[in-house]
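The structure's right below; bear with me while I get my questions together.
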Amino acid sequence: MSDILQLVEPMIPALRRYARGLLKDVTAADDLVQDCLERVIAHWHHRRNDDPRTWIFAILHNLAVNRLKQTARRGEHLPFEKVDERVLARQPTQEDNLMSRDILLALEQLPEEQRSVLLLVSVEDLSYSQTAEVLAIPIGTVMSRLSRARERLRQILENPGKAAQGPAAHLRRVK
């Protein structure tokens, strides 16, 4: 045991410097050196007769590489007290998912010509003239269909029960 102490103790400052250079964190580097020294003591009988310095630095290097890979996989460890509150608190998504589902169902109830205009203008962000060109219809027709589609979509979303009756539910009687 005394030969280990005589050989390893003078290397500790160099091991700490190398560990700090690799990890860029004083506390983590000191922990790494401690782990390295534990391995050196536990496996001293496995070393070869050549220079123990290279063997010890190889152990430190391999432990550092493993720790860096582990940190990359798991992410940086932060104490709970240091975590930003905004990271822990999240907006609930259940209502957003229900709203998205309702909008998709409402879009399915629109006539195809209104749905296509609404999707091209609102979702794909095409201009009225681009939409008219894509659908090969006049720009006035695009504006009229878009207006009717938005109104119908609003009605479906505000009154889901009446939407099942279809578009004939709000027709006026003409004499």
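The values are calculated or read from the model by the stated rules, or taken from the named source; none is laboratory data. What you are looking at is a predicted structure, and each value in this text was computed from that prediction instead of being measured. Cβ placement follows ideal geometry from the backbone for every residue including glycine, while neighbour counts extend to all protein chains displayed.
Could you tell me which numbered condition A163 fails, if it satisfies all but one of (1) at pLDDT below 90; (2) out of contact with any helix residue (DSSP H, G or I) (no Cβ under 6 Å at 6 or more places or on another chain)?
(2)
Within segment 46-77, track down each residue that is under 12 Å from L32 (Cα atoms) and either among the charged types (D, E, K, R) or outside any helix (DSSP H, G or I) (or both).
If the condition is that a residue be under 12 Å from L32 (Cα atoms) and either among the charged types (D, E, K, R) or outside any helix (DSSP H, G or I) (or both), then R67 is the only one that fits.
From the set of residues in segment 116-128 that are assigned to a helix (DSSP H, G or I) and out of contact with any helix residue (DSSP H, G or I) (no Cβ under 6 Å at 6 or more places or on another chain), which is surrounded by the fewest Cβ atoms within 10 Å (Cβ to Cβ)?
V123
Taking the condition of being assigned to a helix (DSSP H, G or I) and of a type in the set (V, I, T), how many residues in segment 78-92 meet it?
Number of matching residues: 1.
Sticking with this structure for a sec: In segment 2-23, which residue that is crowded, with 18+ Cβ neighbours inside 10 Å and more than 41 Å from the chain's Cα centre (by Cα) is farthest from H61 (Cα to Cα)?
So, considering only residues that are crowded, with 18+ Cβ neighbours inside 10 Å and more than 41 Å from the chain's Cα centre (by Cα), the one farthest from H61 (Cα to Cα) is V8.
Please state which one of T54, T71 is more than 19 Å from the chain's Cα centre (by Cα), of a type outside the set (G, A, S) and closer than 18 Å to G21 by Cα.
T54
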